[in-house]
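Structure first, then comments.
The values are calculated or read from the model by the stated rules, or taken from the named source; none is laboratory data. This one's a predicted model, so the numbers in the text were calculated from it and none came from an experiment. Every residue, glycine among them, receives a Cβ derived from its backbone with ideal geometry; neighbour counts consider all protein chains shown. With ligands, DNA and RNA removed, areas are computed over all heavy atoms of the protein, side chains included. Shrake-Rupley method; radii C 1.70, N 1.55, O 1.52, S 1.80 Å.
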Amino acid sequence: MEHRLVTHIEKALGWDGPGSVGTAFVRGRLTDPELPARLLTPHKLLDLIKRRHLANPQLRCYAEGDEIHPSTFLSTNVNRRRQAVSQADMAALGRILNDGGTVVLDHVDFFDPTLEVACRALGWWCGELTSANAYLAVGDTDGFHLHWDDHEVIAVQLSGEKTWEVRGPSRQAPMYRDAERNRTPSEDVLWKGTMRAGDVMHIPRGFWHTATRLGSRSGGHSLHVTFGFTKRTGVTWANFLSDAARADEAFRRDLEGAEETAHKMLTDKLSALAATHSPERYLDELRSSRPSQLIFGIEVAQFDACVVGGELPVHVALFGVGGVLPGREFGVEDVEVADPAVETLPGQRGEFDLGDVEP
């Protein structure tokens, strides 16, 4: 079974599987011109913001590269159960955008079923935690200052255009919480150009980059989404060992006042713990804890008769919020249909379009 977004990203970047994630900067273009609008549009993003309870820093706004105080665009309302909830002030957001600002919604996949499907598909594809952030900028506006991320990023330009500069790393494998601060940008400029709707690029962890619409001289906009891949590191494994050590009383006892033999015992126990829970075993357990493919029971409407029964095997990556499958968003290739009623639906010649199913 193939997911259309994953397939087109691989083709655009010249990849054959997820092994290239994090290895090098690369960019390309999606071959399906309709795919970006299927993922997200500016109107849909603003509608999501309007209808959700959001707080800072999940919802952020920027002007001239600097963050705007959340009290400018967030308001606290009291619902009928007298609970205080934070919501976006859409009039204030409109003023920020019209004045050349940028609106950022982190984890947009939490609120939109199409992007949840996309993140689940990419997560199954690469075996890593995956999330999506959306960035909407209007007019001749600056973006973020030159910075780096502590995770791998695939950026997809959905509509409009934005100018980017990407540089190499100045510290290998930097971390958000690190032994040294990584503040000096690299002088090695890998690419500088404009991303337009359908363009896609991969920025590895630690690579410096910035994006702006300054100089666009237009009243246009830019909407792009970034898919972030949080990989496990040696520090992640060490943190796991730290949590596992809590099960042993010896690690919970005070170090101060303990005899030297007790310290030696802790060293030996920690070595044994690391040998028992090796990095290989740690990764295997993480992979095995992921849920298997889900089987959805669905109702197929055909000729005004509701046919219930049989199960259509749908990969977990196609799971939508509340069990609702997104209609006409992504086609799924190489599906083995498990119900004769589904076989009679149109479009079953090698491709199953979820738009043909009414959940």
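Screening Pro18 against (1) touching a residue at least 40 places away in the same chain (Cβ under 8 Å); (2) in contact with a Phe, Trp or Tyr (Cβ under 9 Å, 6 or more places away or on another chain); (3) open to solvent by less than 20 Å² (accessible area, probe 1.4 Å) leaves a single unmet condition, (3).
Restricting segment 198-226 to residues that are touching a Pro at 6+ places or on another chain (Cβ under 9 Å) and assigned to a loop (DSSP other than H, G, I, E, B) leaves a set whose member that is most open to solvent (accessible area, probe 1.4 Å) is Arg205. Here Ser75 meets the list (1) part of a helix (DSSP H, G or I); (2) under 21 Å from His107 (Cα atoms); (3) small (Gly, Ala, Ser) almost entirely, failing just condition (1). Only one entry in Val104, Val166 is in contact with a His (Cβ under 9 Å, 6 or more places away or on another chain) and either of a type in the set (A, V, I, L, M) or assigned to a loop (DSSP other than H, G, I, E, B) (or both), namely Val166.
Residue pairs whose Cβ atoms lie under 7 Å apart, separated by 6 or more positions or on different chains, with the first residue in segment 37-52 and free of Cβ contacts under 8 Å to residues at least 60 places away in the same chain and the second assigned to a helix (DSSP H, G or I) and surrounded by fewer than 17 Cβ atoms within 10 Å (Cβ to Cβ), are Lys50/Met90. I'd like to know if segment 40-56 contains one or more residues that are modelled with pLDDT under 95, under 30 Å from Gln172 (Cα atoms), of a type outside the set (Lys, Arg) and open to solvent by less than 70 Å² (accessible area, probe 1.4 Å). No: zero hits.
For first residues located in segment 142-159 and touching a residue at least 24 places away in the same chain (Cβ under 8 Å) and outside any loop (DSSP other than H, G, I, E, B), partners that are acidic (Asp, Glu) and open to solvent by less than 50 Å² (accessible area, probe 1.4 Å) and lie 6+ apart or on another chain with Cβ distances below 7 Å form the pairs Gln157/Asp199. For segment 107-132, the set of residues classified as of a type outside the set (Lys, Arg), part of a helix (DSSP H, G or I) and open to solvent by 20 Å² or more (accessible area, probe 1.4 Å) consists of Phe110, Pro113, Glu116, Trp124, Trp125, Cys126, listed by residue number. Considering only residues in segment 154-181 that are surrounded by 18 or more Cβ atoms within 10 Å (Cβ to Cβ) and among the polar types (S, T, N, Q), the one that is nearest to Asp140 (Cα to Cα) turns out to be Ser159.
Annotation: of all residues in segment 1-15 being open to solvent by 50 Å² or more (accessible area, probe 1.4 Å) and modelled with pLDDT under 95, the one that is farthest from the chain's Cα centre (by Cα) is Met1.
Okay, residues lined up against (1) among the aliphatic types (A, V, I, L, M); (2) at pLDDT 95 or above:
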position	(1), (2)
Gly139	no, no
Val156	yes, yes
Glu165	no, yes
Met175	yes, no
Ala211	yes, no
Gly215	no, no
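Taken over segment 1-57, the residue count meeting the criterion of being assigned to a loop (DSSP other than H, G, I, E, B) and either in contact with a strand residue (DSSP E or B) (Cβ under 9 Å, 6 or more places away or on another chain) or not small (Gly, Ala, Ser) (or both) is 21.
Does Trp148 count as of a type in the set (Phe, Trp, Tyr), under 24 Å from Ala24 (Cβ atoms), at pLDDT 95 or above and open to solvent by less than 20 Å² (accessible area, probe 1.4 Å)? No: the conditions fail for Trp148.
Of the candidates Leu255, Leu270, the single residue that is in contact with a His (Cβ under 8 Å, 6 or more places away or on another chain), open to solvent by 50 Å² or more (accessible area, probe 1.4 Å), among the aliphatic types (A, V, I, L, M) and modelled with pLDDT of 50 or more is Leu255.
In this structure, does Thr23 turn out to be in contact (Cβ under 8 Å) with a residue 24 or more places away in the chain, among the β-branched types (Val, Ile, Thr) and open to solvent by 70 Å² or more (accessible area, probe 1.4 Å)? Taking the combined requirement at face value, the residue satisfies it.
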